[in-house]
1. Looking at region 42-70, which of its residues are part of a helix (DSSP H, G or I) and of a type in the set (Gly, Ala, Ser)?
2. Return the residue satisfying two criteria in turn: it lies in region 31-51 and is hydroxyl-bearing (Ser, Thr, Tyr) and over 17 Å from the mean Cα position of the chain (by Cα), and of such residues it is nearest to residue 99 (Cα to Cα).
3. Which condition does residue 102 not pass, out of (1) under 27 Å from the mean Cα position of the chain (by Cα); (2) surrounded by fewer than 11 Cβ atoms within 10 Å (Cβ to Cβ); (3) at pLDDT 90 or above; (4) not aliphatic (A, V, I, L, M), if it passes all the others?
4. Please state which one of 133, 109 is part of a helix (DSSP H, G or I) and either surrounded by 12 or more Cβ atoms within 10 Å (Cβ to Cβ) or within 19 Å of the chain's Cα centre (by Cα) (or both).
5. So, of the residues in region 23-41 that are in contact (Cβ under 8 Å) with a residue 60 or more places away in the chain and assigned to a helix (DSSP H, G or I), which turns out to be farthest from residue 63 (Cα to Cα)?
6. Quick check on my filter: what residues within region 151-191 are surrounded by 10 or more Cβ atoms within 10 Å (Cβ to Cβ) and hydroxyl-bearing (Ser, Thr, Tyr)?
7. Residue by residue through region 4-29, note down the ones that are of a type outside the set (A, V, I, L, M) and within 19 Å of residue 70 (Cα to Cα).
8. Confirm whether residue 143 is under 23 Å from residue 43 (Cα atoms), free of Cβ contacts under 8 Å to residues at least 40 places away in the same chain and under 24 Å from the mean Cα position of the chain (by Cα).
Amino acid sequence: MEDINKEIRKNALSNGVIIGIIILVMSIVLLYLMSSWVSMMALAVSGGLTFVVYILCAIFFSIDLRKKVGGFWSFRQAVSGIFIMFLVATIVSTIGNYIFTQFIEKDLTVKMVENIKTATSNFMSNQGVDQATIDQKMSEMDVDMAGKLHPTAMDYVKNLLTSVIVMFICALIFAAIFKKERPIVISDDES
């Protein structure tokens, strides 16, 4: 029993690193797209597509993790393995995103924010919203985005805690779906 738990942790770590790299690459591509697209529809579609890819990765690697440990695992083993996998993926992608946006492409986040503001303003104009309302919305977005561009240590802690809770809930859901108990074989030895 201890061997399978060790095997689950080992494989969850490696799968988590792979998922984290996939998410990191997708996040970087999404940053570039969001800094250049001006259409609200394009921004929404790219976000939706990214979400679908995340879910497909989680499904694929959860099934892969179960296969790597022999095809059977209890609910508890599934929860711990999937949670470790999600946690490692989040750590890898978060550190990678931080390094990318702070040291490699420092201005990309600002460009993305400006592009989102432009897309929002264009969308509101096309919907016939008066200029005073648009200006008010842009000033609200400036205040909101300023906090997001320069987060405090407490912001990081709150985001981390929220992420851990969401990951655990997702791990519970995925474990309920992908658990597969080993069948119990009852033999009748009356010969």
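The values are calculated or read from the model by the stated rules, or taken from the named source; none is laboratory data. Small disclaimer: the values here were computed from a predicted structure and weren't measured. Counting neighbours? That spans all protein chains shown, and the Cβs are built from the backbone with ideal geometry, glycine included.
1. Quick first cut of region 42-70, residues part of a helix (DSSP H, G or I) only: 42-68.
Those that are part of a helix (DSSP H, G or I) and of a type in the set (Gly, Ala, Ser): 42, 44, 46, 47, 48, 58, 62.
2. To start, the set of residues in region 31-51 that are hydroxyl-bearing (Ser, Thr, Tyr) comprises 32, 35-36, 39, 46, 50.
Next cut, over 17 Å from the mean Cα position of the chain (by Cα) only: 32, 35-36, 39.
Working: 32: 15, 35: 18, 36: 21, 39: 28 Å.
Looking at residues that are hydroxyl-bearing (Ser, Thr, Tyr) and over 17 Å from the mean Cα position of the chain (by Cα), I get 32.
3. The one condition residue 102 does not meet is (3).
4. On the way: 133 fails: either surrounded by 12 or more Cβ atoms within 10 Å (Cβ to Cβ) or within 19 Å of the chain's Cα centre (by Cα) (or both).
It is 109.
5. In the first step, residues of region 23-41 are kept if they are in contact (Cβ under 8 Å) with a residue 60 or more places away in the chain; the result is 23-24, 27-28, 31-32, 34-40.
Then keep just the ones that are assigned to a helix (DSSP H, G or I); that gives 23-24, 27-28, 31-32, 34, 40.
Details: 23: 18, 24: 21, 27: 24, 28: 26, 31: 29, 32: 31, 34: 32, 40: 35 Å.
Out of the qualifying residues, it is 40.
6. 156, 162, 163
7. Going through region 4-29, the residues of a type outside the set (A, V, I, L, M) turn out to be 5-7, 9-11, 14-16, 20, 27.
If the condition is that a residue be of a type outside the set (A, V, I, L, M) and within 19 Å of residue 70 (Cα to Cα), then 5, 6, 7, 9, 10, 11, 14, 15, 16 are the ones that fit.
8. Working: under 23 Å from residue 43 (Cα atoms): yes; free of Cβ contacts under 8 Å to residues at least 40 places away in the same chain: yes; under 24 Å from the mean Cα position of the chain (by Cα): no.
When the stated conditions are applied, residue 143 does not pass them.
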